[in-house]
Amino acid sequence: LTEGAYYRWREAELREILGEDFDWFSQVFHIDAFGHWEDGHYVLIRTDSTPEAAQALGMETKALEQRMETALKTLASHRSQRPRPRLDNKVLVSWNGLLLTGLADACRYCGFPDALEAAVSLGEFLYGLMEPEGRLPHGCAFGAPKGNGFLEDYAAVMEGFLHLYTITLDIRW
């Protein structure tokens with residue numbers, strides 16, 4: 001499969017599917033140099049709010065909302081006939097260490113209570129991946145640790161644990 005194949009569109013394909021709606025749609029979703037992905041393919045990108053887009057098109061906001069809903073449903077129907085992207089189910093330890101830092105910071109600086117619960121849960125997951133002597137895997141798939149941890153894995157997890165400690169004051173972290 002080609003990267004992004006499920007989500008990208010050719011201009012001619014959009015013209016055929018959308019018909020007379022293509023002109024306004026191409027303005028709203030940047031079927032132009034800004035939205036060009038590669039090899040004549042485009043990704044749908046919006047930079048204006050619906051009221052702003054409606055004003056630029058000389059339309060009522062409600063009318064544009066209805067037309068966008070219809071057009072997007074039509075495109076979703078066509079896209080559903082494409083092969084779906086494969087699922088990448090691996091868990092990278094370093095990325096989860098970075099997430100742990102972000103969750104702990106979201107709790108500490110923004111006061112999000114759900115972030116604390118998520119951070120502690122993720123911390124427990126990462127702690128559970130460690131071998132008794134403290135070795136980390138690089139990742140895991142289907143719950144089984146895979147590979148030896150790299151420096152980035154250790155650095156990200158240690159930083160995440162330190163941030164988790166600052167919000168829980170639990171010496172375990």
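The values are calculated or read from the model by the stated rules, or taken from the named source; none is laboratory data. This structure is a prediction, so every number in the text was calculated from the model and none was measured. Note that we place each Cβ from the backbone using ideal geometry, even for glycine, and neighbour counts take in every protein chain shown. When the accessible area is computed, the model is the full protein with side chains, heavy atoms only, and any ligands, DNA or RNA have been set aside. Shrake-Rupley method; radii C 1.70, N 1.55, O 1.52, S 1.80 Å.
Quick notes on this one:
- Among the residues of region 20-58, those that are open to solvent by less than 40 Å² (accessible area, probe 1.4 Å) and at positive phi comprise HIS30, GLY40.
- Qualifying residue in region 85-101 (condition: touching a helix residue (DSSP H, G or I) at 6+ places or on another chain (Cβ under 9 Å) and over 30 Å from LEU164 (Cα atoms)): no
- Scope region 59-88; condition loosely packed, with under 14 Cβ neighbours inside 10 Å and polar (S, T, N, Q); matching residues: GLN66, THR70, SER77, SER80, GLN81
- Qualifying residue in region 40-55 (condition: more than 20 Å from the chain's Cα centre (by Cα) and under 22 Å from GLN81 (Cα atoms)): yes
- Region 114-173 - residue that is touching a Cys at 6+ places or on another chain (Cβ under 8 Å) and farther than 13 Å from LEU100 by Cα and, of those, most open to solvent (accessible area, probe 1.4 Å): LYS146
- Filtering region 89-107 for residues that are within 30 Å of ARG10 (Cα to Cα) and open to solvent by 40 Å² or more (accessible area, probe 1.4 Å) leaves a non-empty set.
- Inter-residue pairs, beta-carbon under 6 Å, first within 13 Å of ARG46 (Cβ to Cβ) and in contact (Cβ under 8 Å) with a residue 12 or more places away in the chain and in region 6-35, second surrounded by 16 or more Cβ atoms within 10 Å (Cβ to Cβ) and hydroxyl-bearing (Ser, Thr, Tyr), 6+ apart: ILE31/TYR42
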